[in-house]
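The values are calculated or read from the model by the stated rules, or taken from the named source; none is laboratory data. What you see is a predicted model, and the numbers here were worked out from it, not measured in a lab. Note that we place each Cβ from the backbone using ideal geometry, even for glycine, and neighbour counts take in every protein chain shown.
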Amino acid sequence: MPTATQSDDNSISLTSSGLDVDEFIPLVSFKRDGLKNINISEEIFEYEEEKISHNKDEDNKLSKHIDYWNSRTYRIFERVTKKEKITFPLYITKGNEESEDDDGIITARLSEEIEGVKITSETDFKASYNSDYTLELELKGDKLKPFYVDFYAKDDEDDDWEIMDVTINDKTGKLKNVHCGRIKIVYFILDQDVFNEDEILLLFNEIKKAQVFNKSGNVVGNGYCINTADRALGALLKDSKEFYTEPNFISQGGNGIRLKSSTSRASIINSLGYIKSNIEVKLNNYNNNEKPTKLQLSLAKIIEKDINIREGYHIYYFSMHGEYHVMLLLVNFSKLKNPTFSILDQGYVDDGINSRNIPFSNLDKTFLTLAQAFWENRNKHAKNILLWKIQRKN
């Protein structure tokens, strides 16, 4: 994930830098406005499903021309993210009370060149005190090490300068390359079987389309549940060639994917590299036709072990009632303290309210209720639950 940090340095004891009043000395800080404070004592914030925290041990290496109070209180905030494209707000204030030149040029630079990291916002920009700046970064790759974005200032009348230690141009009396801000970025890559919010949005959008299509009366037969699950997986995995699409028939412009049962389809999906593992949980009526009253094993515990407290979204392709009904199980572990799950299909079980964002602690109870409902209605075949964990292709 990406991170932004600002740190204290109590050892700094500057009282005055003896500046010329015409020198531009800004301070570029992380802007907290609009962020939800999660833990005041540790200064951890929530921002776009990410964590931004203050590390008190982070070394503050700003210019010696930043005055004592700002040097003592400045904090480097660390931002941890899993998104490839991020934007976040910064705020520019006066870094030295003796400065009366309220505008100049600020340059944003990476602390070092890193393949796969690029600043996509303006890197050299005119700025003034008490103004905003939005930094934009693009992150790609699976082995990015933590890095900093540093900010340097100069007066807008100076030309031709390079990033280096603070220097003084004796002829003009203007400071250049004033190190006036720093943030830290930590980028982490999700495991192949863990998905992010943007990917899940693709899945939800396709589920919605499938449910609208299912209500239109244009569906042939009773098997649209497996089609719905398949087309949603195709959207999630960005694969429109190997997964069912609408229209389906090639003569209508579709891809011609034909589906039979969850196990046969799961075998094909597995051969394509999209399945990590599978689970089977039997009900206590597996050897008879009596109404099920419990699961033989806790499905919640099996899934929890399978997920292994990995933050993000987890998807299972699954079927119940002797493979009569095929659905998707979405487990949301993006908030580890309050995980939830949703059951998604063409609208038969998924009503958008009672089937979504259910506390994970209710998973076994919910699946038993489903099994009992299927047992009541469909030939007493609700005897096991089959699940396959979906992953991105290698």
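Using the structure shown, decide if residue 304 is of a type in the set (Asp, Glu) and farther than 26 Å from residue 235 by Cα.
Judged against the criteria, residue 304 is not a match.
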Exercise. Would you check if residue 147 is buried (at least 17 other Cβ atoms within 10 Å of the Cβ) and free of Cβ contacts under 8 Å to residues at least 40 places away in the same chain?
Key: yes
Quiz item: What pairs come up if the first residue lies in region 187-216 and is among the aromatic types (Phe, Trp, Tyr), the second is in a helix (DSSP H, G or I), and their beta carbons are under 6 Å apart, counting only those six or more places apart or on different chains?
Solution: none
Quiz prompt | Count - residues of region 351-377 that are exposed (fewer than 14 other Cβ atoms within 10 Å of the Cβ), in a loop (DSSP other than H, G, I, E, B) and on the phi < 0 side of the Ramachandran plot | solution = 3
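Considering only region 334-350, how many residues are under 20 Å from the mean Cα position of the chain (by Cα) and either on the phi > 0 side of the Ramachandran plot or not small (Gly, Ala, Ser) (or both)?
Initial filter on region 334-350 (under 20 Å from the mean Cα position of the chain (by Cα)): 334-342.
Checking which are either on the phi > 0 side of the Ramachandran plot or not small (Gly, Ala, Ser) (or both) leaves us with 335-341.
Counting residues in region 334-350 that are under 20 Å from the mean Cα position of the chain (by Cα) and either on the phi > 0 side of the Ramachandran plot or not small (Gly, Ala, Ser) (or both) gives 7.
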Quiz item: Within region 275-291, can one find any residue that is closer than 17 Å to residue 192 by Cβ, touching a residue at least 60 places away in the same chain (Cβ under 8 Å), touching a helix residue (DSSP H, G or I) at 6+ places or on another chain (Cβ under 8 Å) and not polar (S, T, N, Q)?
Solution: yes
Exercise. Return the pairs, sorted by first residue and then second, in which the second residue is in a helix (DSSP H, G or I) and buried (at least 17 other Cβ atoms within 10 Å of the Cβ), the first residue lies in region 353-381 and is among the acidic types (Asp, Glu), the beta carbons are less than 8 Å apart, and the residues are 6+ apart or on different chains.
Key: 364/299; 364/300
Self-check item: Filtered residues of region 294-328 (kept if under 20 Å from residue 262 (Cα atoms) and either touching a Gly at 6+ places or on another chain (Cβ under 7 Å) or not aliphatic (A, V, I, L, M) (or both))
Solution: 314, 316, 317, 318, 319, 321, 322, 323, 324, 325
Exercise. Of the conditions (1) part of a helix (DSSP H, G or I); (2) loosely packed, with under 12 Cβ neighbours inside 10 Å, residue 211 clears all except one; give me its number.
Key: (2)
Self-check item: Pairs with Cβ under 6 Å, 6+ apart, first in region 87-99 and assigned by TED's automatic domain parsing to the domain that holds residue 127 and modelled with pLDDT under 85, second exposed (fewer than 15 other Cβ atoms within 10 Å of the Cβ) and assigned to a strand (DSSP E or B)
Solution: 87/134; 87/136
Practice problem: Please determine, by comparing only the residues of region 309-327 that are under 31 Å from the mean Cα position of the chain (by Cα) and assigned to a loop (DSSP other than H, G, I, E, B), which one is surrounded by the most Cβ atoms within 10 Å (Cβ to Cβ). | Solution: 312
Self-check item: Pairs with Cβ under 7 Å, 6+ apart, first in region 222-241 and touching a residue at least 60 places away in the same chain (Cβ under 8 Å) and part of a helix (DSSP H, G or I), second among the polar types (S, T, N, Q) and surrounded by 22 or more Cβ atoms within 10 Å (Cβ to Cβ)
Solution: 224/346; 225/346; 226/262; 228/346
Quiz item: Residues in region 348-357: is at least one more than 27 Å from residue 217 (Cα to Cα) and out of contact with any helix residue (DSSP H, G or I) (no Cβ under 6 Å at 6 or more places or on another chain)?
Solution: yes
Practice problem: Return yes or no: is residue 306 within 19 Å of residue 392 (Cα to Cα) and either crowded, with 17+ Cβ neighbours inside 10 Å or in contact with a Pro (Cβ under 9 Å, 6 or more places away or on another chain) (or both)? | Solution: yes
Practice problem: Inspect all residues belonging to region 247-261 and state whether any of them is over 30 Å from residue 155 (Cβ atoms), under 30 Å from the mean Cα position of the chain (by Cα) and either surrounded by fewer than 13 Cβ atoms within 10 Å (Cβ to Cβ) or modelled with pLDDT of 90 or more (or both). | Solution: no
Quiz item: Out of all the residues in region 124-139, which are in a loop (DSSP other than H, G, I, E, B) and surrounded by fewer than 13 Cβ atoms within 10 Å (Cβ to Cβ)?
Solution: 130
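Restricting attention to region 59-115, and to residues there that are among the acidic types (Asp, Glu) and not in a loop (DSSP other than H, G, I, E, B), which single residue is surrounded by the fewest Cβ atoms within 10 Å (Cβ to Cβ)?
Filtering region 59-115 for residues that are among the acidic types (Asp, Glu) and not in a loop (DSSP other than H, G, I, E, B), the one surrounded by the fewest Cβ atoms within 10 Å (Cβ to Cβ) comes out as 103.
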Quiz item: Do we find that residue 246 is assigned by TED's automatic domain parsing to the domain that holds residue 325, in a loop (DSSP other than H, G, I, E, B) and touching a Leu at 6+ places or on another chain (Cβ under 6 Å) in this structure?
Solution: no
